[in-house]
Amino acid sequence: MNPHKRYTITAALPYTNGPIHIGHLAGVYVPADIYARYKRLTGNDVAFICGSDEHGVPITIKAKKEGVTPQDIVDKYHAIIKKSFEDFGITFDNYSRTSAKIHHETASEFFTTLYNKNEFIEETTEQLYDEEAKQFLADRFVVGTCPKCGNEESYGDQCEACGTSHNATDLINPKSAITGNVPTLKETKHWFLPLNKHEDFLKEWILKGHKKDWKPNVYGQVKSWIDDGLRPRAVTRDLDWGIPVPVEGAEGKVLYVWFDAPIGYISATKEWAEREGKDWEPYWKNEDTKLVHFIGKDNIVFHCIIFPAMLKAEGSYILPDNVPANEFLNLEGNKLSTSKNWAVWLPEYLEDFPNQQDVLRYALTANAPETKDNDFTWKDFQARNNNELVAIFGNFINRVVVLTNKYYDGIVPEPAELSEVDKETLATLKAYPNVISSSIERYRFREASQELMNLARLGNKYLADEEPWKVIKEDEARTKTIMYVALQIASALATLSEPFLPFTSNKLKGILSLSNSEKENLWNDIATNDVLVPAGHQIGKAELLFSKIEDETIQKQLDKLEASKKANEIANATVEPQKDTITFEDFTKLDLRVGTILEAEKMPKAKKLLVLKVDTGLDVRTIVSGIAESFTAEEVVGKKVTVLVNLAPRALRGVESQGMILMTETPDGKLVFVNPDDAIASNGLQIS
Ligand SMILES: [Zn+2]
């Protein structure tokens, strides 16, 4: 039935210029981990591969800004990212890095093979050059207008607004990101992969071969790429950070980060195989291996067109069976953004929610952006925890374990004859491994997580309907049967929850005293074995699997985001352009004086207005000021202020205002007094 002997599962190499956030977890790493864990549980040979992507221009830009070396940057973030993956139970068989020696060798060899097979076009072209920085400007060193969508801040290699990938010379109005200068064109030699040459193969393989089994969002994007016509893509760059191009006359050039990064999957597999004493080649070269790339939608072109073209050109590799790319996850209605700090960072999450990795894994899976962009909200996170994990899963397990301990000292009772309901319940239970498998095999992880919850629902309903706590008063044999059936469901949940809720699964196996993985095919045993946990088996004491998350906890997270929003508004506030020039005579018409607020009261039925009595040195006068939303009346009494005293009086809500107090407004809308230094200035002094 299953034609695949082994699985090579890759997850997109995270870029090492910052920590990772919930968007990465939801889009790539949690689904990939669910898949890998599931494949292992069903008795398969799995290599689950990932690593840090440590080359490319943004890392060199960050290093320059911080006054450190690119190596410092990647060392720092590689450690942080690796720890986050471990903390969240992502079970990579190897987490490598592209600065590793084995990767440099593998990528270099790969290039050489293609070079010797004449798979590249060598071309001297004019590239953008920054005369001041004395440097060619590739990729992110150039910013300009996207030729496709008009986004004015498109990068040289890719527009983040429309996802189009292009060459830096395609940009309209290009500018150097290093100096801001308009770049000139200068000749340089590079190697190109002629994607157009592989167009027929790609059409046949993807458009015909994978029309039915690739996700519509992935297939659609690939089709539009191919329909637009493929062009040669440069695979080298003028840069001093990366893998040197292994060809004579290529000094000062490195492999393009998008050429070397996917080869990182291969080198990470080699590194793992070496460590484990295995042969790496079957995982990449045997037709009975299933290769699956888990990525986000911004990587579709590289994994579905460029990398397969590279593998095909090399000639000895298999191609991916599927590339189940996810769409993007938003946060509370806004796009996740590292620079705007609009994110939930994994290290921070663990500080705020210690030991609650599974809650985040579950919330992200249940709401995963599988077919369209989706929104993570803290309210949904709370609801998933309180209404599903606590109220259904946790509640069922707790009742089973508590009652078994209470009635039978924790020993699984011997069942009497099974009723029709018992038989039906056990038959439904047996179907669950296949139901969940079927969703996972089609990369529908949200659906799979809901089916898992449905099994917990089945258990909950069974106990609620059969009411062992009532039956025990009249029928001991029947109670034993009910508890026996409920324990079978609990035992199935311990195994079937592992891919989704690994920490909980582990804890539950401990509570039920189930040995972890003696048998090879735990998952399928549930479908075939009549007895999952036998009568006479001793279980442990109850422990809470999940706990309720209160509104205050959620509010704290929302407040944190609100603070980020405020900080962004302040950082992005635009300074008003200068007004038209006035003469000195114009200025001297303004009579500005130092004054003191003596009294203040709120204007009735007006949200913004305070009625002030101000000592201007000339007189004490009434001024109506629109500051009530920023200050209370009590706060402003005694305040030194700057007053425009010769402004024509005007009536506000029936009160005549005789002047104006000078204020400024911060970007987040708070008013601030423009006040004279109160120690020196006395009321009535002129300001000029
Ligand atoms: Zn664009």
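Some observations on this one:
- Fraction of the pair-distance distribution of the chain above 38 Å, Cα-Cα pairs, percent: 52 percent
- Listed residue pairs exceeding 30 Å between alpha carbons, taken from LYS175/LYS312; LYS148/LYS670; LYS83/LYS270; LYS560/LYS607: LYS175/LYS312; LYS148/LYS670
- Cα centroid separation - the range 17-42 against the range 75-132, whole Å: 21 Å
- Only the Cβ atoms of Lys and Arg (+1) and of Asp and Glu (-1) were treated as charged; on that basis the dipole of the chain about its Cα centre amounts to roughly 840 debye.
- Projected-area mean, the range 180-259, by convex hull of Cα positions, square nanometres: 8.1 nm²
- Residues in the range 207-364 average 39 Å² of solvent-accessible surface per residue, probe 1.4 Å, ligands and nucleic acids excluded.
- The translational diffusion coefficient of the range 544-637, from Stokes-Einstein at 25 °C and 0.890 mPa s with a Kirkwood hydrodynamic radius over alpha carbon pairs, comes to 133 µm²/s.
- Cross-link reach list, lysines versus LYS253, counting only Cα pairs under 17 Å and skipping chain neighbours closer than eight places: LYS134, LYS186, LYS189
- Only protein atoms count toward the accessible area here, which uses a 1.4 Å probe; on the range 412-521, the carbon and sulfur part of that area reaches 47 percent.
- Of LYS208/LYS290; LYS82/LYS208; LYS480/LYS509; LYS64/LYS223, pairs whose Cα-Cα distance is over 29 Å: LYS82/LYS208; LYS64/LYS223
- Shown for the chain: cysteine residues without a partner Cβ closer than 4.7 Å, namely CYS50, CYS304.
- Each Cα pair of the range 481-592 feeds into the Kirkwood radius, which the Stokes-Einstein equation turns, at 25 °C and 0.890 mPa s, into a diffusion coefficient of 122 µm²/s.
- With the convex hull drawn over the C-alpha atoms of the range 649-688, the volume per residue is 129 Å³.
- Take every Cα pair under 8 Å whose residues are at least 6 apart in sequence, average their separation, divide by the length of the range 304-432, and the relative contact order is 21 percent.
- Accessible area of the range 551-678 belonging to carbon and sulfur atoms, whole % at 1.4 Å probe: 53 percent
- With N as its number of residues, the range 598-688 has a Cα radius of gyration that, divided by 2.2 N^0.38 Å, comes to 1.05.
- Karplus-derived 3J(HN,Hα) values for the range 178-191, using 6.51 cos²θ - 1.76 cosθ + 1.60 with θ = phi - 60°, are 8, 10, x, 5, 7, x, 9, 9, 9, 6, 8, 9, 9, 10 Hz; glycine and proline are entered as x.
- Within the range 118-188, all pairs of alpha-carbon atoms sorted by distance into 5 Å bins from zero give the percentages 4, 20, 27, 21, 15, 9, 3, 1.
- Scaled to the globular estimate 2.2 N^0.38 Å, the Cα spread of the range 359-480, given as radius of gyration, is 1.28.
- Debye intensity ratio in log₁₀ form over the Cα atoms of the range 87-137, taken at each q of 0.14, 0.22 Å⁻¹: -0.73, -0.90
- In the frame of its principal axes, the range 86-212 has Cα extents of 45, 44, 35 Å, reported largest first.
- The chain: relative contact order in percent, alpha carbon pairs under 8 Å with at least 6 residues between: 12 percent
- Average accessible surface for the range 118-162: 52 Å² per residue, computed with a 1.4 Å probe over protein heavy atoms with every protein chain in place.
- The heavy atoms of LYS208 present about 150 square angstrom of accessible area, all protein chains included, probe 1.4 Å.
- Note: the range 1-136, Cα convex hull, 175 Å³ per residue.
- Taken over the range 522-561, the convex hull of the Cα atoms encloses 159 Å³ per residue.
- Under the membrane-span-like helix rule (DSSP H runs whose alpha carbons stretch at least 15 Å along the helix axis, mean Kyte-Doolittle hydropathy -0.5 or higher), the chain yields 30-41, 257-276, 395-408, 420-441, 476-496.
- Counting only Cα atoms, the size of the range 289-417 along its three principal axes is 67, 43, 25 Å, in decreasing order.
- Diffusion coefficient, µm² s⁻¹, Stokes-Einstein with Kirkwood Rh over alpha-carbon pairs of the range 61-116 at 10 °C and 1.306 mPa s: 117 µm²/s
- 3J(HN,Hα) along the range 597-603: 6, 9, 9, 8, 8, 6, 6 Hz, from the Karplus curve 6.51 cos²θ - 1.76 cosθ + 1.60 with θ = phi - 60°, whole Hz, x for Gly and Pro.
- Taking amide hydrogens as placed 1.01 Å from N in the peptide plane, the amide H of LEU652 sits under 5 Å from those of SER657, each at least 5 positions away in sequence or on another chain.
- With all protein chains kept in place, the per residue accessible area of the range 370-511 amounts to 39 square angstrom at a probe of 1.4 angstrom.
- Karplus-based coupling profile of the range 526-536, in residue order and whole Hz: 5, 6, 10, 7, 6, 10, 9, 9, x, 4, x, with θ = phi - 60° in 6.51 cos²θ - 1.76 cosθ + 1.60 and x standing for Gly or Pro.
- Kirkwood Rh in Å, taken over all unlike Cα pairs in the range 530-688: 20.2 Å
- Reducing the range 192-231 and the range 571-633 to their Cα centroids gives an inter-centroid distance of 65 Å.
- Debye, to nearest 20: dipole size of the range 410-488, +1 on Lys, Arg Cβ, -1 on Asp, Glu Cβ: 420 debye
- Principal axis box of the range 225-380, alpha-carbon based, largest edge first, Å: 57, 38, 35
- The range 268-337 - Debye-derived log10 I(q)/I(0), Cα point model, q = 0.19, 0.24, 0.25 Å⁻¹: -0.85, -1.09, -1.13
- Rolling a 1.4 Å probe over the protein chains gives SER688 an accessible area of about 130 Å².
The values are calculated or read from the model by the stated rules, or taken from the named source; none is laboratory data. Remember, predicted model here, so these are calculated numbers, not experimental data. Neighbour counts run over all protein chains shown; Cβ positions are idealised from the backbone, glycine included. Side chains included, ligands, DNA and RNA excluded: accessible areas come from the protein's heavy atoms. Shrake-Rupley method; radii C 1.70, N 1.55, O 1.52, S 1.80 Å.
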